1. As a footprinting exposure proxy, order ASP80, ASP206, ASP197 by other Cβ within 10 Å, with the fewest listed first.
2. Please compute the contact order of the chain in relative form: average sequence separation of alpha-carbon pairs under 8 Å and at least six residues apart, divided by the residue count, as a percent.
3. Ranked by Cβ crowding within 10 angstrom, fewest neighbours first, how are ILE198, ILE502 ordered?
4. Sort segment 408-526 into rounded, prolate or oblate with this rule: let a ≥ b ≥ c be the square roots of the eigenvalues of the Cα gyration tensor; rounded if a/c is under 1.5, and if a/c is not under 1.5, prolate when a/b is larger than b/c, oblate otherwise.
5. Listed highest first by mean packing, meaning other Cβ atoms within 10 Å per residue, what order do 560-570, 313-323, 411-421 come in?
6. Could you sort the peptides 350-357, 426-433 by per-residue average Cβ neighbour count (10 Å cutoff), highest mean leading?
7. Which shape class, rounded, prolate or oblate, goes with the chain when its Cα gyration tensor gives a ≥ b ≥ c as root eigenvalues, a/c under 1.5 marks rounded, and past that a/b bigger than b/c marks prolate?
8. So how strong a dipole does segment 372-426 carry about its Cα centre when Lys and Arg Cβ are +1 and Asp and Glu Cβ are -1, to the nearest 20 debye?
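What follows is calculated from the coordinates using simple rules that are stated; it is not laboratory data. Because the structure is predicted, anything quoted here is derived from the model rather than measured. Cβ: placed from backbone, ideal geometry, glycine included. Neighbour counts: every protein chain shown.
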Amino acid sequence: MISRYDFSLKFNSGAVVKEIPFSTAKVPYFAVKKAEEIQFSLQMSNNCKIYGLGENVRGINKRGHLYISNNTDDPTITEDRVSLYASHNFLIINNVKEMFGLFFDTPNKVKYDLGYSDIDEINISSPLGFELYVIEGKSELDIIKQFRELIGKSYLPPYYSFGVGQSRWGYSCKDDILRIINDYEKLDMPLDLIYMDIDCLDNFKDFTLNETFGNPKQFVDEVKSHNIYLVPIVDAALKVDDSYPVYTEGKKLGHYAFGKDGNPYVVGVWPGDSVLPDFFNEEASKWFASKYQFYLDIGITSFWNDMNEPVLFYTKDRVQSMLNLAADSRGKNLPLTEYHKVLNGFAGLQNNEDDYNYFFHHFNGEVVSHKYLHNYYSYYMVKETSNYLKENSGDEGFLLFSRSSCIGSHRYSGIWTGDNASWWEHLLLNFKMMPSLNMCGYLYSGADLGGFGKNSTEDLVLRWLAFGLFSPLLRNHSSCGTKLQEFCYLKRKDVFRNLLKIRYALMPYIYHSFVSARENNSLLFTPLNFVYKNDENVNEIEDELLFGDSLILAPIFQQNTNKRYVYLPENCMQITMKSDTDISCSKVEKGHHIINVNLDEVTFFLLEGHSIPLTKNAKNINDVKSKEINFINNEDKSLFKEIFVPKGKSFELKKVELK
Ligand code: MIG
């Protein structure tokens, strides 16, 4: 049952797809205080557990820290971070005697103090301007299902987007792209998608390719002849440049966020001085979306959206005032307080939240300050882009995923989880974040495999791949200047080739499970304790997850060990794969185990009475579709009477004949 409470959200954010009448009753469970902010507080019992909040640091159980919904670009993702790139305002509170879900529908900040200030207390607060949904149900999974029905079905990406992706910030010309293709090909290593980051653009201008690409259509055709999809980046901001037709057209049409004087508000992003498309204005976001036609015309149908929190490296106004302050200080013997004003002023130029007060959007016929809309900027960016691509991208469908997100945008695109680092703890974070993202509607998602920032090591990439093989978005991505971590450039080439082929082998299961989670509003990655309700042993397990209906994953997250502890809540068959054809199976009983997983293999557990469909010898992601499906059965029956398989840009249910 879902109840909706009115706290003066003045407009429809777009998050929900079901109209639920407002309740006039008091919000249950919480003591509610109205001060400058509305505050909801609740005493936690000792065993209270909290789930959800999508893209955030720390564990699956969110109890014991502070989180603030405030879409932010800050590439240092440490465990004390309170906001990442997204605001996913859904959580479940299981306070033993009572269990319910909450969804704060708002583009404002929401602060979740979950036993942070007071170890026994939950305090959630937000300024007026939200709607609260309270969702009651008999279990976590029931609450999640109701919530997901409320917010609508998740984005369905094309089949090819489950392929193997290679990316690096730094590929900057035609030869860089062709070299990667060649280096993978000569090793017969799977590769399906190559990402084109900002250096591939002409001076960081959206919807361009730089001159090295020559005739872009010819270039794309050449790449396609190798069965590779190109995925250019599209940043939110547009370069201020009178010789850039996209910029001048948008200016003429009045499609940019504007300052108090009504002129386009100038901010700094990669192209230097830039303007922010006024995505809240439907006409403006439709106009921006139509610019993707440049890529569609040359045969590109896959995109990633970056910098759409939005990032403000600076605003022109604030830079000017800082430069003036610095100029005024020249030659003076500054008292330390004055000196710090200059120093901190410059340091505070980037993503200064005060600046949100100084630019405005057209939204539903009103002029609204960015401050009140911030967390939904990327929603309106991907929404119209997605609608446009749906109409115009042709038979295979389109890939779109974004860095910034909120609830609602899960219907239009996937996400990646931003600038992680090549740290073992970020591999574990990637794992733990998946169920939380799923709860909030994000199914097509993944982290930068191998780690984005910092230098990776070969064993980390191997272990990350062993988990990444199950991630809907499988993309090796790294920051500029970092040590090479492309699969094709690491030493154990045979191992990487074999592991990547396992992705193709698993695709029937991955695709089926993905589509089932979408159609049933359920999770692709499920914490064990959501399912095994009567087994105390699973209560705190966060380093094992159910994947789909039939598998338990328990990857290795630590360096220099092949061993780990695994608890199995039922009898399973352990399946260990060294390649798509080298597979060994053995029965493992319910209970506590220490397992051994070498660097060159992937292991997982198949539940009793379940089966896993596998293919072999696929050469690339599309080739998987034509391969015969074989089943490994644990006990003599298959759950797969019917299996979701790709059909065009969508899917169909196919009857399975068990042999
Ligand atoms: O300020 O486009 O998260 O994936 O490689 C950095 C360059 C901008 C941030 C993205 C990252 C991408 C990088 N971008």
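1. So the ranking, lowest neighbour count to highest, is ASP80, ASP197, ASP206.
2. With pairs under 8 Å counted, the relative contact order is 13 percent.
3. Ascending Cβ contact count within 10 Å gives the list ILE198, ILE502.
4. In terms of gyration-tensor shape, oblate.
5. 411-421, 313-323, 560-570
6. 426-433, 350-357
7. Cα axes put the chain in the oblate bin.
8. 200 debye
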